[in-house]
Amino acid sequence: MSKNVRHSARRRRLLQGAAAAGALGFASAASAVAASDPWSRAQDIRRRFAVPLRFPQRDYLVSDFGARPCELAKVHGYPTIHAKGELETQAPGSHDSHAAVKAAIAAAHKAGGGRVVIPAGNWYLRGPITLLSNVHVHLQAGAHILFSANPADFARDGDYDCGGNGKLVLTRWQGNDCLNFSPMVYARGQQNIALTGEDWSSILNGQAGVPFEDGGGNCWWGMNPKGALPGAVHQSVPNPANPASLAEVAPQLDAAARARIQGAGEGWRADASLLPALSEAGVAPEKRVFGLGHFLRPSMIQFVDCTNVLMQGYMVVNTPMWIHHPLNSRNVHIKRVRMDSIGPNSDGIDPEACDTVLVEGCEFNTGDDCIAIKSGKNRDTQYGPTRNMLIQDCVMNSGHGGITLGSEMSAGIEHIYAQDIEFRNAHWASDPLWTAIRLKTNMNRGGYLRHLHVRNITLPNGVQTTPRPYKPLPGNSLGGKLPSTGGGAVLTIDCDYAPADDIVRSRPPRVSDVHLSGIRASNVQGPDGAFSCNQVMVVLGPVPGSYNGPPGTPVLPLRDISITDADFGTPRNAADPWFVFNARRIRLANVRIAGKTINTELNA
């Protein structure tokens with residue numbers, strides 16, 4: 001390989017130290033008033049973005065560097081993961097403007113910074129946009145970037161030469177570090193960077209449902225089981241390219257440790273299972289090599305180890321996987337961005353191990369969680385928690401969870417604020433929002449959540465009104481009840497999320513200090529009545545029977561959860577409006593359910 005991942009590890013430790021010092025200053029400055037008013041911390045977060053990023057007043061027009069617009073043509077593919085249909089893509093023989101965009105960014109960076117301008121038109125790029133410090137990439141109104149439907153184009157320019165797997169980048173895939181395809185917009189270790197559009201006619205198109213250009217018929221979404229071709233290898237079936245035993249890549253493990261991580265059968269050799277197994281086995285990131293010959297789709301926009309980041313004013317469509325994925329970054333501002341990608345794992349915004357994040361004025365129409373806050377998985381916790389995040393003035397139309405914490409949250413999540421959110425659930429009859437506020441973790445992902453504050457939220461079309469039951473491990477019947485942890489509640493706290501997905505389950509999660517106020521949920525008229533949800537809330541604390549680690553580790557109940565001044569409309573299950581397991585001090589004050597006002601404390 002051309003570079004060693006450890007080369008940047010020292011830099012990361014230095015940045016983390018600086019971030020930690022900043023966080024301590026942040027905490028000490030706000031601690032006196034935060035005890036009486038936790039929202040004062042949210043105001044501090046907002047004030048940190050009051051002064052916009054500054055760039056030298058120099059423009060670099062990509063057409064001056066050889067970029068040329070292309071024509072469009074129709075192809076058959078997947079407009080959404082649910083249905084085939086026609087899409088527009090670049091016409092055959094279109095000019096590749098990737099080198100021109102790369103050259104414009106390099107020129108702006110070399111000059112000390114500036115704005116790289118992409119004019120109106122259709123622009124075909126056979127490779128990623130890689131940002132550099134002090135560079136602002138701006139899409140004018142009507143600019144439409146089409147990233148090639150060719151994985152090889154995103155395994156060509158990375159810093160790590162991995163032979164037949166391609167030249168790859170250091171990235172994270174569902175919480176675990178690896179070398180893999182470059183995201184379509186990428187930066188690592190940069191400062192003062194921006195990606196902006198004039199309006200929502202400025203489009204970044206991942207073309208994830210367009211057939212690959214090799215003619216084989218697959219597409220990015222086909223790497224996921226939901227879109228896989230019949231009989232094709234995908235991320236969730238054993239990949240012959242992977243080692244036959246962890247002994248090949250982790251010889252330091254004894255036979256018992258290997259068996260514990262691999263489990264029974266060959267399932268661990270699937271790419272999506274091998275990567276967390278490599279983390280659990282202590283294999284260094286530079287030896288976790290994927291890319292060509294593998295099936296881990298790249299995020300659309302990912303910034304790693306970056307400081308002072310702005311993403312604003314554009315629309316993103318049809319992305320291979322997560323749409324925005326800032327990782328181990330500080331001072332991240334995402335403003336007035338629209339996300340429209342009904343594909344597998346098409347989360348809208350996934351801040352991971354980030355400090356100080358503001359998301360405002362965004363609109364979500366996604367195939368998975370709208371916002372999903374992360375902090376690593378298995379042993380990949382070196383970047384620390386995600387903390388100090390404010391979400392406001394956003395609209396969530398479809399997705400699994402509106403605001404989700406987890407499931408990859410092993411390093412913890414703290415001081416998260418959300419206000420003035422409309423969980424619009426615009427497609428409630430055909431593709432409903434599963435739940436509004438959702439936490440997902442389990443005995444593997446572990447971690448902690450503390451200090452989540454949500455206020456002034458509306459659900460004009462409720463959320464999904466039918467249940468999505470919990471799938472426990474054998475023997476974990478919870479007294480015969482199966483709570484609807486997958487969807488159907490306005491608030492879901494699930495500390496036993498998909499337990500069968502993780503072989504090692506030795507990290508009990510901790511959850512405390514979750515406070516919601518000012519909730520207004522309305523009913524929608526279905527064929528069998530008018531309902532706002534299936535249940536008001538599902539609170540599933542850690543399930544002791546799912547733990548399989550060393551004995552003596554405490555499995556603690558959730559604690560200190562409150563809902564105040566809320567009207568939840570009429571749940572379908574109004575006779576049993578909540579489920580609570582292994583939780584203490586859940587307080588409801590001035591809460592209306594099916595027309596009745598409730599003031600109570602729940603312990604179970």
**OP:** On a C-alpha basis, how far is the centre of region 400-468 from the centre of region 479-496 in Å? Whole number, if you could?
**Re:** 12 Å
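Taking the Cβ-Cβ separation of residue 264 and residue 229 as r and a Förster radius of 45 Å, what is the calculated FRET efficiency to the nearest 0.05?
With R0 = 45 Å, the Cβ-Cβ based efficiency is 0.95.
What fraction of the DSSP beta bridges in region 125-284 is antiparallel, stated in percent and rounded to the nearest 5? Write down the numbers at each step before the final one.
Details: 8 of 18 bridges.
Just about 45 percent of them are antiparallel.
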Original post:
In square angstrom, rounded to the nearest 10, how much accessible surface does residue 553 have for a 1.4 Å probe?
Top reply: 60 Å²
Original post:
Using the heavy atoms of the protein chains alone and a 1.4 angstrom probe, what is the accessible area of region 561-604 per residue in square angstrom?
Top reply: 47 Å²
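Rounded if a/c is under 1.5, else prolate if a/b beats b/c, else oblate: with a ≥ b ≥ c from the C-alpha gyration tensor eigenvalues square-rooted, which is region 201-297? Spell out each step's value before the answer.
Working: a/c = 2.91, a/b = 2.05, b/c = 1.42.
Prolate.
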**OP:** Give me the percent of the accessible area of the chain that comes from carbon and sulfur atoms, probe 1.4 Å, all protein chains in place.
**Re:** 52 percent
Original post:
Rounded if a/c is under 1.5, else prolate if a/b beats b/c, else oblate: with a ≥ b ≥ c from the C-alpha gyration tensor eigenvalues square-rooted, which is region 442-497?
Top reply: oblate
Subject >> Surrounding net charge for residue 342, when Lys and Arg each add one and Asp and Glu each subtract one, Cβ distance under 10 Å >> reply: -3
**OP:** Starting from the Cα of residue 102, draw a straight line to each of the aspartates and glutamates and keep only those under 17 Å, dropping any in the same chain fewer than 8 residues away.
**Re:** 59, 64, 153, 157, 159
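Summing +1 for each Lys or Arg and -1 for each Asp or Glu, what net charge is found among the other residues whose Cβ lies under 14 Å from the Cβ of residue 242?
Values: positive: 269, 287, 288; negative: 248, 266, 271.
Around residue 242, the charge tally is 0.
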**OP:** Excluding residues fewer than 8 places away in the same chain, name every one of the lysines whose C-alpha is closer than 24 Å to that of residue 471.
**Re:** 226, 374, 377, 440, 481
Subject >> Accessible area (Å², per residue) of region 48-196, counting only protein heavy atoms and a probe of 1.4 Å >> reply: 40 Å²
**OP:** Pull up the DSSP beta bridges for the chain and report the antiparallel fraction as a percent, rounded to 5.
**Re:** 15 percent
Subject >> Full-extension gain in nm, residue 559 to residue 476, via 0.36 nm per residue minus C-alpha separation >> reply: 27.7 nm
Subject >> Anisotropy class of region 395-438 from Cα gyration tensor, a/c 1.5 cut >> reply: oblate
**OP:** On the full set of protein chains, 1.4 Å probe, figure out the accessible area of residue 484 and give it in Å² to the nearest 10.
**Re:** 10 Å²
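Among residues other than residue 333 whose Cβ falls under 12 Å from its Cβ, what is the net charge (Lys/Arg +1, Asp/Glu -1)?
Numbers: positive: 46, 48, 330, 335, 336; negative: 360.
Net local charge, residue 333 excluded: +4.
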**OP:** Compare the Cα positions of 371, 482, 304 along the charge dipole of the chain (+1 at Cβ of Lys, Arg; -1 at Cβ of Asp, Glu; about the Cα centre) and return the one farthest towards the positive end.
**Re:** 304
**OP:** Could you work out how far apart the two model spin labels at residue 76 and residue 107 are, taking each label as a point 7 Å from the Cα in the direction of the beta carbon, and quote it in nm?
**Re:** 4.4 nm
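Would you mind getting me the FRET efficiency between residue 600 and residue 254? Use the beta-carbon distance for r and R0 = 60 Å, nearest 0.05.
Values: r = 52 Å, r/R0 = 0.87.
Computed FRET efficiency for residue 600 and residue 254 comes out at 0.70.
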Original post:
Calculated from the structure, volume of the Cα convex hull per residue in Å³ equals which of (1) 137; (2) 151; (3) 174?
Top reply: (2)
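Calculate, in nm to one decimal, what residue 214 and residue 51 gain on full extension: separation in residues at 0.36 nm each, minus their alpha carbon distance.
On the way: separation 163, 0.36 × 163 = 58.68 nm, distance 4.67 nm.
Residue separation times 0.36 nm, minus the Cα-Cα distance, leaves 54.0 nm.
On average, how much accessible surface per residue is there in region 394-544, in Å², for a 1.4 Å probe, leaving out ligands, DNA and RNA?
Details: 4460 Å² over 151 residues.
Per-residue accessible area for region 394-544 comes out at 30 Å².
Are there DSSP H segments in the chain that both extend 24 Å or more along their axis (alpha-carbon positions) and score a mean Kyte-Doolittle hydropathy of at least -1.0? List them, or say none. Working shown, then result.
Details: long enough: 6-34 (41 Å, 0.19).
Both cut-offs are met by 6-34.
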**OP:** Keeping all protein chains in position, work out how much accessible area residue 310 exposes to a 1.4 Å probe, and write it in Å² to the nearest 10.
**Re:** 30 Å²
Original post:
Considering only DSSP beta bridges whose two residues both sit in region 466-604, what percent are antiparallel, to the nearest 5?
Top reply: 30 percent
Original post:
Hey, with R₀ at 60 Å, roughly what FRET efficiency would residue 40 and residue 61 work out to, going by the Cβ-Cβ distance, to 0.05?
Top reply: 0.85
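Arrange the peptides 155-168, 386-399, 127-140 so that the one whose residues have, on average, the most other Cβ atoms within 10 Å appears first. It would help to have the intermediate numbers written out before the result.
Values: 155-168: 19.4, 386-399: 24.1, 127-140: 22.4.
The peptides rank, most packed first, as 386-399, 127-140, 155-168.
The values are calculated or read from the model by the stated rules, or taken from the named source; none is laboratory data. Quantities reported herein were computed from a predicted structural model and do not represent experimental measurements. Every residue, glycine among them, receives a Cβ derived from its backbone with ideal geometry; neighbour counts consider all protein chains shown. Just the protein is used for accessible areas: all its heavy atoms, side chains included, with ligands, DNA and RNA removed. Shrake-Rupley method; radii C 1.70, N 1.55, O 1.52, S 1.80 Å.
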